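The values are calculated or read from the model by the stated rules, or taken from the named source; none is laboratory data. Note that the coordinates shown come from a computational prediction; the quantities given were computed from them, not determined experimentally. Neighbour counts are summed over all protein chains in view; Cβ atoms, including those assigned to glycine, are modelled from backbone coordinates with ideal geometry.
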């Protein structure tokens with residue numbers, strides 16, 4: 001099965017548009033929409049940690065997107081939706097840790113929002 005047939009999700013990719021100020025300090029992140037691209041995302045590991053004040057869910061994910069997609073390690077995925085007739089959000093904000101170019105697609109290593 002070609003990788004493109006497996007891409008049943010829609011990824012909303014964002015890029016940080018913030019630059020440095022006059023003193024060279026980084027400005028706060030300003031995430032701008034980069035693209036809406038087809039893809040497929042699946043969880044690799046998920047864990048839940050309970051603390052006195054909060055519960056934290058951490059996860060590691062993988063994704064495939066079409067070859068030639070403009071995505072770097074500095075980008076993030078705002079959300080992942082099902083591409084069916086009634087879009088349903090499957091995953092929230094995911095940060096890109098690695099971009100691996102393959103023959104027919106691009107593989108992404110993602111982590112959940114902290």
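Here's the yes/no breakdown for (1) surrounded by 11 or more Cβ atoms within 10 Å (Cβ to Cβ); (2) touching a residue at least 24 places away in the same chain (Cβ under 8 Å); (3) in contact with a strand residue (DSSP E or B) (Cβ under 7 Å, 6 or more places away or on another chain):
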site	(1), (2), (3)
26	no, no, yes
35	yes, yes, yes
39	yes, yes, yes
49	no, no, yes
62	yes, yes, yes
93	yes, no, yes
105	yes, yes, yes
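The residues in region 1-17 that are out of contact with any strand residue (DSSP E or B) (no Cβ under 7 Å at 6 or more places or on another chain) and farther than 19 Å from residue 68 by Cα can be counted, and the count is 1.
Where in region 69-114 are there strands (runs of 3 or more DSSP E), lying wholly inside it, with at least 3 residues that are within 9 Å of the chain's Cα centre (by Cα)?
The qualifying strands (runs of 3 or more DSSP E) are 75-82, 94-101, 105-112.
The criterion of being part of a strand (DSSP E or B) and at pLDDT below 90 does not hold for residue 29. Within region 11-24, the residues that satisfy the criterion of being surrounded by 11 or more Cβ atoms within 10 Å (Cβ to Cβ) and assigned to a strand (DSSP E or B) are 11, 12, 13, 14, 15, 16.
Is region 2-10 home to any residue that is in contact (Cβ under 8 Å) with a residue 12 or more places away in the chain and surrounded by fewer than 11 Cβ atoms within 10 Å (Cβ to Cβ)? Yes, because at least one residue in region 2-10 is in contact (Cβ under 8 Å) with a residue 12 or more places away in the chain and surrounded by fewer than 11 Cβ atoms within 10 Å (Cβ to Cβ).
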